[in-house]
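Everything on this sheet refers to the single structure shown next.
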Amino acid sequence: MLKRLQGKFLALLFLGFTFTLAVALGTGTVLLRSIQLQLGTGFGKKQVLYDKERSIHPILQELELTQKLAKSEAITTWAANEQNGAAKAKGLSALEKFRQQTVDKSYFLALMDSQVYYFSDVSSVNSDQPRYRLDPQKPADRWFYNTLEQPKTCTLNVEPNEVLKTTKVWINCLIWVQGVPKGVVGTGFDLGHFIRQVINDSEQGISNFFINTEGSIQAHKDPDWIDYNSIGRGHGKHKSLFDRLDSDKHKQELRRQMDRLQQSPQEVAVMVLEMDQKEYLVGMAYIPEIGWYNVSLLQMGIWADAKIFLPAAGLLVLTMLLLLALSFMMIKGLILDRLAKLEVAVGQVAQGDYSFTSLDRQDDEIGRLTEGFAKMARTIEANTSELERKVRERTKALELANETKDKFFSIISHDLRAPIGSLAVVFNEILTQPSDLDDELYQTIQETTIKTRQLLDDLLNWAQSQSQEIEFHKTHFRLSQPLEDCFGLLGGAAKQKNIQLAKLEPLDQVVSADAALVTLVLRNLLSNSIKFTEPGGRIEVSVEELGEFWQVNIKDTGVGISEETLGKLFKLGEKVNSSLGTHSESGSGLGLILCAEFVAKNGGQIGVESKVGQGTRFWFTLPKGEASELCQGSVQEDREFKTKLAGLKVLVAEDSHLHQETTGQVLKELGLHFKIAETGTEAVALAQDCDLVLMDIDLPLLNGVEATREIRRTLAPGPWVLVLSSYSKRELEEVTEEELFDGYINKPLSKSNLLALLRPLLLPR
């Protein structure tokens, strides 16, 4: 594509310039008298552009070589470590290679730290030794110190060197080491050769020369015009083009045009100036690469002669051809080359490589197109990275789910199968030989049942935690509340092993957390301490302040935990060999995993310290709460709640006789009257005489969801309906409409769960 565009551009340019040239030649004779000044102006522009191109090419070649040398690792390393012999040897080798490539076959190097000056050309010997030491007090050496202060990396300086007896145009390039100039390296070329090649090669009546940004004349065919060692003399007296102008007005115009060309170096300035009482047409172009201006002087009197028309016409043809070449180069640089870079970048993106750095970002149509492409590529890269991140996260989640599944089946196969199998054998013994059983066996049955129930609770809580089903209800409460519940629940087990449960101080600190989850954490940690503490031992519970948190400590005098096991206690994926308690109590390891997850949900941390044979201290932190946020129910509210509770008429919709018995036992303990419905149809019929329905889901005839919908449809406002089921709350929400039920309780029914749901129903705020 680019090759086809290139041919089209060439054809259009050639046709355009051919047409322009034909028009100019056809009308030139008629308009000769009126365009003499314009012709000179046009020629001046073309001449200065031509001279600029001729002069800049050899200089740029040398300048490019010098810049590359100044940035080379060999030179920068030597400049940073001048005393390093190996670095010096590499640097000298690089300099020699550089010398062979230069036109003048010479180089120089001046180092800042040692203040030494190296120089070598075709006639040099011992070029690895410095020629002399630079002195800031010597005017001849000021070029070096002034160059170090120059803002440009590379500068040109015309200088006669009294020591070396040479007059050259020196290319001086700074050696930068970590942002600091450490020396100057460069080469030179003979000024006389440059003048013969570029400046003297001029048309009759044209004088070409070069000035720097201060107007100092740097190259001229007349040596008396040249301002030697402009850099070395700093702000001293210079031979300037300004000094040769006759009027301040012309000096101001020259300065204005010089400033303009610095801002737009691709342009050319042409002006009429008076110099030495003569009027000149001055053409000027800025060469930013070397910081010089190419100046062409044309005497107006000579160009006013009509005889010059024919040579001018020939020059016009040549100039137009040059403009054709320059225009194509401009189009190639502004359009074709930039499109080529964009095409390469598109290919990189197609291969999945987003590291392109060479795109052109100029503020034009192609630049905006390029920027749009770059943004699109960055978006694609970001989306690809995000997709890869999500895949990694999903893979990690699947791995964790697989670990959870393995742990779940391990517990079922070991920790549940064994006790349930033992219970089956014992119950068979009861049925066949009831008279042979003693109290110890009954106690064993009771303990096994309690442990199995606790394990099932842990399994359900853990499963809910893994599936994000546990609801988090953050409240402000005192730690004494869950501690009293746990002490009451576990006091019997501790008393049975003659273990003392102690609170070191009143634990009435207020925390901000989920009370139910905190209770589960305390129950698991206290139960674990009881399990691994010898009879006659002691378990202490204390609380200490830790910044914005309260730290709860549970310390026992038990058997302790090995160092190897300590690091695995709270990690699901780690293999922990669960040891038996001091009375052969078994455990699944789920309790501590639940503790870690529940503490994290409450914004705290958990840890353990232990020594084998000395005991263990578990600790966890909870955010501090505000006493002003405590739910302070009044005595009157408690009395009102008990009164309303006592008057409740309850319907238990349950087809399992075992669950009928366990649910009925809880209701009897609360002093509530209840009826039992064994089918969904029966539940709908009996619901009209009840205030509260405890609804199972798997009912015959009508299931619990269908029965509740029928109750809602036929009775208004109707009784409260609480789900009492083994299904998880999320499973029910997937198959029921919002607000069908007034609450959810997991089987089996407990007094605390029932009362917690009934209080807001009976005492609405």
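Laid out as a table, the results:
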quantity: Long-range neighbours under 6 Å by Cβ, at least six apart or interchain, first residue under 20 Å from Cys486 (Cβ atoms) within region 746-765, second at pLDDT 80 or above; calculated: Pro748/Thr662; Lys751/Val666; Asn753/Ile745
quantity: Thr662 vs. criteria outside any loop (DSSP other than H, G, I, E, B) and within 59 Å of the chain's Cα centre (by Cα); calculated: yes
quantity: Selection within region 643-669 - among the basic types (Lys, Arg) and either surrounded by 13 or more Cβ atoms within 10 Å (Cβ to Cβ) or not assigned by TED's automatic domain parsing to the domain that holds Thr714 (or both); calculated: Lys644, Lys649
quantity: Options Arg523, Arg538, Arg478: the member that is among the basic types (Lys, Arg), assigned by TED's automatic domain parsing to the domain that holds Gly613 and closer than 16 Å to Lys624 by Cα; calculated: Arg478
quantity: Filter result for the condition that a residue is hydroxyl-bearing (Ser, Thr, Tyr), at pLDDT 90 or above, within 36 Å of the chain's Cα centre (by Cα) and assigned to a strand (DSSP E or B), over Thr621, Thr616; calculated: Thr621
quantity: Answer residue from region 541-565, given it is of a type in the set (Asp, Glu) and surrounded by fewer than 17 Cβ atoms within 10 Å (Cβ to Cβ) and is modelled with the lowest pLDDT among those; calculated: Glu564
quantity: Among (1) surrounded by 13 or more Cβ atoms within 10 Å (Cβ to Cβ); (2) over 17 Å from Pro265 (Cβ atoms); (3) modelled with pLDDT under 75 - the single one Ile331 does not satisfy; calculated: (3)
quantity: Test: residue in region 277-300 that is modelled with pLDDT under 80, farther than 24 Å from Phe144 by Cα, part of a helix (DSSP H, G or I) and in the same structural domain as Gly188 (by TED's automatic domain parsing); calculated: yes
quantity: Pair list, Cβ under 9 Å, 6 or more apart: region 657-678 residue more than 15 Å from Lys642 (Cα to Cα), other residue of a type in the set (Lys, Arg) and assigned to a strand (DSSP E or B); calculated: Phe674/Lys649; Lys675/Lys649
quantity: Residue that is modelled with the lowest pLDDT, among those in region 626-652 that are outside any loop (DSSP other than H, G, I, E, B) and over 30 Å from Ala677 (Cα atoms); calculated: Val635
quantity: Residues being within 17 Å of Glu731 (Cβ to Cβ), surrounded by fewer than 19 Cβ atoms within 10 Å (Cβ to Cβ) and over 53 Å from the mean Cα position of the chain (by Cα) - total across region 691-705; calculated: 1
quantity: Answer residue from region 56-104, given it is of a type in the set (S, T, N, Q) and touching a residue at least 40 places away in the same chain (Cβ under 8 Å) and is surrounded by the most Cβ atoms within 10 Å (Cβ to Cβ) among those; calculated: Thr66
quantity: One residue from Ser127, Ser114, Ser123 being more than 11 Å from Gly186 (Cβ to Cβ), small (Gly, Ala, Ser) and at pLDDT 90 or above; calculated: Ser114
quantity: Scan of region 491-505 for residues that are modelled with pLDDT under 80 and in contact with a helix residue (DSSP H, G or I) (Cβ under 7 Å, 6 or more places away or on another chain), ordered by number; calculated: Ala493
quantity: Among the candidates Leu37, Leu10, Leu2, residue that is modelled with pLDDT under 75 and not assigned by TED's automatic domain parsing to the domain that holds Val317; calculated: Leu37
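Table: residues versus (1) at pLDDT 85 or above; (2) farther than 22 Å from Glu289 by Cα; (3) in the same structural domain as Arg260 (by TED's automatic domain parsing).
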{"residue": "Pro160", "(1), (2), (3)": "no, yes, yes"}
{"residue": "Leu164", "(1), (2), (3)": "no, yes, yes"}
{"residue": "Pro181", "(1), (2), (3)": "yes, no, yes"}
{"residue": "Leu191", "(1), (2), (3)": "no, no, yes"}
{"residue": "Gln204", "(1), (2), (3)": "no, yes, yes"}
{"residue": "Glu214", "(1), (2), (3)": "yes, no, yes"}
{"residue": "Ile226", "(1), (2), (3)": "no, no, yes"}
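The values are calculated or read from the model by the stated rules, or taken from the named source; none is laboratory data. Quick caveat: nothing in here was measured; it's all calculated off a predicted structure. Note: ideal-geometry Cβ built from the backbone for every residue, glycine included; neighbour counts use all protein chains shown.
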